[in-house]
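Colleague: For reference, the structure I am asking about is given below.
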Amino acid sequence: MKTTRTKTYISVLAGLAAAFSMTALGSIDARAADKAAIEVVTHAGAGGGTDVNSRMMMIRARRALKQDMVVVNKRGGGGAAAMNYFKSRPADGNTIMTFTVGHAITMGKGKTALKVEDMVPIARGTNDPQILMVNCKKSKYKTPEEFVAGMKNGDKLKFGGTATGTIDHLTVFLWAKRLGVPMPTYIPFKGGGELATQLVAGSVDVGTLNLSEAAAPVEAGDICPLVILAEQGMAPIPKAKTAKSLGVDLVLSTTRGFVTHAGVSEERRAELEKGLMTAMKHSLYQAYLVNSGLDETSPQPSGPWGNQIKSMVSEFGPALKEMGLVK
């Protein structure tokens, strides 16, 4: 849940990104004229979060690569349409796909012909850790340790998240499994903003949220983040602790990054990685991150990003089956 000022700023950035994306080759180095444009395949419609993220990356990446870039929006099937289109494209290094946590879930459900081995990672673009939050005034849990102990001791809690089968639903299931307790009651809401509101109202005991979704009530002292499902803590919420520091090996996030085909030469893949990482270190992309509630740790090179993709897909498939969401 972002402030009006932040939303306005992001809207301006999105408009700027769209404008740059429609710029003719004349604005790029003349040496790009004999190169085919790079297709950047997304599953979101124009103006959606993944679409905007792709366009923000492209503003400087097209310059770094000296090659034009165009967005190809393929909506449908939780990313399946985009993945199937990507799979059909030649492995010539001129197609990039924006891969998200939603794609990993769709792969885990077996709803696409694309496999992890069909892709190679380029770079991660955004990373918004899953955070378990409580109502500061109504919850009996004042520390992360009290929360973990309460669950292990059998406290019956109502968790809130987004729709069934999403990263939020998977987060609650995997959190409970890691603690060795039954799956808690899970109540789905339409989005993070509604969930944050209902957590403040006391409709649920625990909210599975990203910091960007709950920034305002966290700043107001209405919602208290307790457990961050990330490798490291987060400066804006110093009292929250990582699951790993509490003895729970679980790292999950809402994330977006970029991949190309497995058949692309390593030289070309490395060239794409260098171009995208250069673009995402630029002040314009960094401003987009800050005003999205993220920070400079979001962009990561191919190594960590590739490991994250493999971890998500391998974790989600079995979990979805155990949850009864995949036959």
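Colleague: Of all residues being in contact with a helix residue (DSSP H, G or I) (Cβ under 7 Å, 6 or more places away or on another chain) and aliphatic (A, V, I, L, M) in region 238-271, which is nearest to ALA64 (Cα to Cα)? Just the residue, please.
Modeller: The residue in question is ALA262.
Residues are listed down the side, and each one gets a yes or a no for (1) under 18 Å from ASP118 (Cα atoms); (2) touching a Pro at 6+ places or on another chain (Cβ under 8 Å); (3) at pLDDT below 95:
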residue	(1), (2), (3)
LEU25	no, no, yes
THR42	yes, no, no
ASP51	no, no, no
GLN67	no, no, no
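Colleague: Among the residues of region 212-228, write down those that are buried (at least 22 other Cβ atoms within 10 Å of the Cβ) and of a type in the set (A, V, I, L, M).
Modeller: Result: ALA214, VAL218, ILE223, LEU226, VAL227, ILE228.
Colleague: Based on what the data block shows, is GLY324 loosely packed, with under 14 Cβ neighbours inside 10 Å and either out of contact with any Pro (no Cβ under 8 Å at 6 or more places or on another chain) or within 24 Å of ALA44 (Cβ to Cβ) (or both)?
Modeller: Here the answer is yes, as GLY324 does meet what is asked.
Colleague: Give the residue, chosen from LYS87, LYS140, that is touching a Leu at 6+ places or on another chain (Cβ under 9 Å), free of Cβ contacts under 8 Å to residues at least 60 places away in the same chain and either of a type outside the set (Asp, Glu) or more than 19 Å from GLY257 (Cβ to Cβ) (or both).
Modeller: Unique residue meeting the criteria: LYS87.
Colleague: Look through region 100-152, keep the residues that are among the hydrophobic types (A, V, I, L, M, F, W, C) and assigned to a loop (DSSP other than H, G, I, E, B), and return whichever of them is surrounded by the most Cβ atoms within 10 Å (Cβ to Cβ).
Modeller: LEU114
Colleague: Here is a follow-up. Pick from GLY257, GLY275, GLY247: which is modelled with pLDDT of 95 or more, buried (at least 22 other Cβ atoms within 10 Å of the Cβ) and more than 16 Å from the chain's Cα centre (by Cα)?
Modeller: It is GLY275.
Colleague: Listed residues PHE99, PHE147; which is of a type in the set (Phe, Trp, Tyr) and farther than 22 Å from MET234 by Cα?
Modeller: PHE99 is the lone residue from the list that is of a type in the set (Phe, Trp, Tyr) and farther than 22 Å from MET234 by Cα.
Colleague: Would you mention how many residues in region 278-303 are surrounded by fewer than 20 Cβ atoms within 10 Å (Cβ to Cβ) and over 14 Å from the mean Cα position of the chain (by Cα)?
Modeller: So the count comes out to 12.
Colleague: Looking at (1) surrounded by 16 or more Cβ atoms within 10 Å (Cβ to Cβ); (2) not assigned by TED's automatic domain parsing to the domain that holds ASN210, can you tell me which one ILE237 breaks?
Modeller: Status for ILE237: all satisfied but (2).
Colleague: Name every residue in region 168-186 that is more than 22 Å from ALA215 (Cβ to Cβ) and either touching a strand residue (DSSP E or B) at 6+ places or on another chain (Cβ under 6 Å) or assigned to a loop (DSSP other than H, G, I, E, B) (or both), in order of residue number.
Modeller: Matches in region 168-186: HIS169, GLY180, VAL181, PRO182, MET183, PRO184, THR185, TYR186.
Colleague: Kindly indicate which of ALA82, ALA46 is modelled with pLDDT of 95 or more and not charged (D, E, K, R).
Modeller: Among ALA82, ALA46, only ALA82 is modelled with pLDDT of 95 or more and not charged (D, E, K, R).
Colleague: Something else: Show the residue pairs that are 6+ apart or on different chains and have beta-carbon atoms under 8 Å apart, the first residue being within region 55-68 and farther than 14 Å from THR42 by Cβ, the second being in a helix (DSSP H, G or I) and of a type in the set (Asp, Glu).
Modeller: Close Cβ pairs satisfying both conditions: LEU65/GLU271.
Colleague: Anything in region 140-172 that is among the basic types (Lys, Arg) and within 17 Å of VAL204 (Cβ to Cβ)? List them, or say none.
Modeller: LYS140, LYS156, LYS158
Colleague: Yes or no: GLY207 more than 23 Å from ALA104 (Cβ to Cβ), within 20 Å of the chain's Cα centre (by Cα) and touching a residue at least 24 places away in the same chain (Cβ under 8 Å)?
Modeller: Considered against the rule, which asks whether it is more than 23 Å from ALA104 (Cβ to Cβ), within 20 Å of the chain's Cα centre (by Cα) and touching a residue at least 24 places away in the same chain (Cβ under 8 Å), GLY207 comes out as no.
Colleague: Also, quick follow-up: Going residue by residue through region 277-297, is there one that turns out to be in a helix (DSSP H, G or I), under 30 Å from ARG89 (Cβ atoms), of a type in the set (Lys, Arg) and in contact (Cβ under 8 Å) with a residue 12 or more places away in the chain?
Modeller: no
The values are calculated or read from the model by the stated rules, or taken from the named source; none is laboratory data. Quick caveat: nothing in here was measured; it's all calculated off a predicted structure. So basically every Cβ, Gly included, is an ideal-geometry build from the backbone, and we count neighbours across all protein chains shown.
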